[in-house]
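Student: Got a structure for you, written out below as structure tokens; questions coming shortly.
The values are calculated or read from the model by the stated rules, or taken from the named source; none is laboratory data. In this text, all values refer to a predicted model and were calculated from it rather than measured experimentally. Virtual Cβ from ideal backbone geometry, glycine too; neighbours counted across all protein chains shown.
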Amino acid sequence: MNKVLIVEDHVLIRMSLKLMLQELDKNVSIHEVEGFEEALRAMGEHQFDLVLLDINIPGGMGTQMPVLIREKHPATAILVCSSLDEEQHARRYLQSGADGYLSKTASKEETMAAISSVMNGNKYVSEHVQSKLLEQAQQGKKAVVRLSAREREIMYLLIEGKWTKEIAHMLNISGSTVSTFKARIFEKTQVTSVMELFVKINAGEVE
């Protein structure tokens, strides 16, 4: 049974999200709070599989919110649901540790697809935002970066949302070795986040 925390101060939006979650999983356990301090307390008492996080909430701290959640709960998926412009804000929140960024104007179908995506360990942004990110990558396109077999293996695990400890366990290597490979991959591809790496892969700039 999945456990989900909804962090949203508008009751109608909470109700809507709750209905969609129950449609995706009739056995889902849902906890609702209105502010970020309440969210941190709830996460201190329960282990959630997914956090649906609004930005404009009481006690909100902008991009620091995903950072704080990720530091203490690295395995929890984070989907930001916001009325703020996707093109201006999606990249910043993804770089801060969110797994996805969804507009509150998204359709029911897109919202459910976004929830399913991040719950399955993937990243999510709308097709429109993804095309903009790819366009930006194409504009500054450089020569294709070729990685070693081991670097590619670790790169794709990072893209899937796996964390250092998980990768180390899966590949039977130390966490420090994973960190070294990650730093090397970021250096070779000239990126500073997994989201930027994802964009470069989709743009065909990494092999």
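Student: Consider Leu50 against the criteria (1) of a type in the set (A, V, I, L, M, F, W, C); (2) in contact with a helix residue (DSSP H, G or I) (Cβ under 8 Å, 6 or more places away or on another chain); (3) more than 30 Å from Thr192 (Cβ to Cβ); (4) touching a residue at least 60 places away in the same chain (Cβ under 8 Å): it satisfies all of them except one. Which criterion is unmet?
Tutor: Condition (3) is where Leu50 drops out.
Student: Quick one: in the range 75-104, which of the residues that are assigned to a strand (DSSP E or B) and among the hydroxyl-bearing types (Ser, Thr, Tyr) is nearest to the chain's Cα centre (by Cα)?
Tutor: The extreme case among them is Tyr101.
Student: Next question, about the same structure. Evaluate the range 59-72: report whether one residue or more is of a type in the set (Val, Ile, Thr), in a loop (DSSP other than H, G, I, E, B), buried (at least 16 other Cβ atoms within 10 Å of the Cβ) and touching a residue at least 12 places away in the same chain (Cβ under 8 Å).
Tutor: Here is the first cut: in the range 59-72, the ones of a type in the set (Val, Ile, Thr) are 63, 67, 69.
Checking the rest, the ones that are also in a loop (DSSP other than H, G, I, E, B) come to 63.
Still in the running and buried (at least 16 other Cβ atoms within 10 Å of the Cβ): 63.
When the remaining residues are screened for being touching a residue at least 12 places away in the same chain (Cβ under 8 Å), the result is 63.
Yes, that holds for at least one residue.
Student: Quick one: how many residues across the range 3-41 are among the small types (Gly, Ala, Ser) and either assigned to a helix (DSSP H, G or I) or in contact with a His (Cβ under 8 Å, 6 or more places away or on another chain) (or both)? Before the answer, list the steps.
Tutor: Applying the first criterion (among the small types (Gly, Ala, Ser)) to the range 3-41 yields 16, 29, 35, 39.
Subset that is either assigned to a helix (DSSP H, G or I) or in contact with a His (Cβ under 8 Å, 6 or more places away or on another chain) (or both): 16, 39.
The number of residues fulfilling the criteria is 2.
Matching residues to (1) closer than 17 Å to Ser96 by Cα; (2) modelled with pLDDT of 95 or more; (3) among the basic types (Lys, Arg):
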| position | (1), (2), (3) |
| --- | --- |
| Asn2 | no, no, no |
| Ile6 | no, yes, no |
| Leu17 | no, yes, no |
| Lys26 | no, no, yes |
| Ile30 | no, yes, no |
| Ala42 | no, yes, no |
| Gly60 | yes, no, no |
| Pro66 | yes, no, no |
| Glu71 | yes, no, no |
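Student: Do we find a residue being at pLDDT 90 or above and either out of contact with any Lys or Arg (no Cβ under 9 Å at 6 or more places or on another chain) or of a type in the set (Phe, Trp, Tyr) (or both) anywhere in the range 78-98?
Tutor: yes
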